[in-house]
Every structure is written in C-alpha cells, then in structure tokens.
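Everything below concerns the one structure shown next.
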Amino acid sequence: MRQYSIPKILGVWAAAALPMGLIAWVVVPALADPGDPAGRSRFAVALLVGYTIGLFWQFLLVVLLVRREGGSVRDRLWLHRPHWWVTLGVLAGTAVLEFLPVHLDGPDSRAMGPFLESPAGHELFQGNWPLFALCLVQFTLNTVLGEELLFRGVLLPRMNGAFGRFDWVVNALLFGAYHLHQPWSMPGAAATGALQAWAVKRYRSAWISIIAHSAQSVLLSVLILRLVV
C-alpha cells in the first residue's frame, strides 16, 4: 500500500480540520448569534448544516485520495470484515473512556444534548422529519463516510512508513487535534481514538472504529426521533 510522507499526512489533516474549524467559528456565527436565546434554534440548524457540509467534504477527500490507487476498495480502506468479539470489546472500552475526566464540557449553545432537552429543541424537532433526515445524514458522514473513513481508512494504513509502530498513536493524536470545531472534545477524542486506532491497525479493519464511533450517533438518533414523533 502506498505510504504517505509526514507533510502529506499533515496536509490531509489540515484539509479535514481547517474547514470544520472555519465553519464552526466563522461561518455559523456569521449566520446566527449563539448568544441570542431567540435565535438558539437558528444557530443549532446552522451548525447542523455547516457540519454536514464539512463532513461531506471529508468524504469527497477520501474519494480523491484513494481513487487512483490500485486494488479493491476494501483493501485500500481496510474495510475488511471485523472480529466481532474485538469490536464488542472496543465498543465497551470506548463507553468506559467516555466517563473519564478527559471528556470536557463545551458551551451549551454548541452541545446537542442540552439543546434537545430545552423547550427550543422540543419545538424545533417536533414533527420535523426533514431536519431528522438531515441529522441522519450528518451522523452517517461523521461516523462512517467522513471522519472514520478518512482517519482510520485512509490515513492510518498509510502512516506506517512515516511513524513506524507508533503510527496508531500519532493517528489518535491527529484525530484529537482535528476537532478544532469542538476543542473541548480534543482530549476525549484522542483517548478513544487511541483505543480504536490500535484495534483497527491490529486487525486491519476500519469497521471496528466505525461501529464503536457510531454508537453515540445511534443513541442521538433515537433521542431525536422521540422528539420528532
């Protein structure tokens, strides 16, 4: 498999991280004021749309990076069948890590959970099937076609030439640092990313991290669906 140089690895990281940071801290606040209680719903929708666009760009980046490489897509992206007992172990380990103090709280204006519990969140999502569909698209791009496929399917298999046996550690650190759009989540993302990157490298299956990362999205989908119906 073609290996990436350190400048190329950092270039791919920047191509994923910088647009998300720009969307979160420049574009979205220009469209809606997060400090305005009356505009809280507008800000939430702007953030949702912006993140979806940024994650879709990451999917396009995956396609652009691997389309000229030979071999099957499964081999190019390490989409091999996972060992289910390992996947369950990583899923459980990820859940445990979520309770560690490395996971910091961000501002309520940018957190999905507090917004869903608020009257504004209830009003926005009640009967709003198009918005629910947009959430599902964003979750899919986030945990399947965007972040995970880029970091664990594209970068991790191509980092060994630059970082040797520590490639999975650097991959986790890059994944944490990628969260410019949610800097409070950087330590937690690096911690869970380390567990998932190690397992993905060991078993050559990006599905392990995709499934582990998707658990939170499934839970959020259920919570949002309850508001919609």
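What residue, of V73, V49, is within 18 Å of the chain's Cα centre (by Cα), surrounded by fewer than 19 Cβ atoms within 10 Å (Cβ to Cβ) and among the β-branched types (V, I, T)? Answer to the selection: V49. Condition check for L100 on (1) more than 17 Å from the chain's Cα centre (by Cα); (2) under 30 Å from G39 (Cβ atoms); (3) assigned to a loop (DSSP other than H, G, I, E, B): one failure, at (2). Sub-7 Å Cβ pairs linking a first residue in the stretch 57-76 that is closer than 12 Å to V154 by Cα to a second residue that is surrounded by 17 or more Cβ atoms within 10 Å (Cβ to Cβ) and charged (D, E, K, R), at least 6 apart or interchain, are Q58/E147; V66/R76; E69/R76, ordered by first then second residue. The single condition among (1) under 18 Å from V66 (Cα atoms); (2) buried (at least 16 other Cβ atoms within 10 Å of the Cβ) that Q182 does not meet is (1). All told, P82 falls short of being of a type outside the set (D, E) and free of Cβ contacts under 8 Å to residues at least 12 places away in the same chain. Would you be able to say whether some residue in the stretch 1-14 is open to solvent by 30 Å² or more (accessible area, probe 1.4 Å), over 23 Å from E148 (Cβ atoms) and without any contact (Cβ under 8 Å) to a residue 12 or more places away in the chain? Looking for residues that are open to solvent by 30 Å² or more (accessible area, probe 1.4 Å), over 23 Å from E148 (Cβ atoms) and without any contact (Cβ under 8 Å) to a residue 12 or more places away in the chain, one finds at least one in the stretch 1-14, hence yes.
The values are calculated or read from the model by the stated rules, or taken from the named source; none is laboratory data. Remember, predicted model here, so these are calculated numbers, not experimental data. Here Cβ is always computed from backbone atoms with ideal geometry, including for glycine, and neighbour counts include all displayed protein chains. We work out accessible area using only protein heavy atoms, side chains counted, and drop any ligands, DNA or RNA first. Shrake-Rupley method; radii C 1.70, N 1.55, O 1.52, S 1.80 Å.
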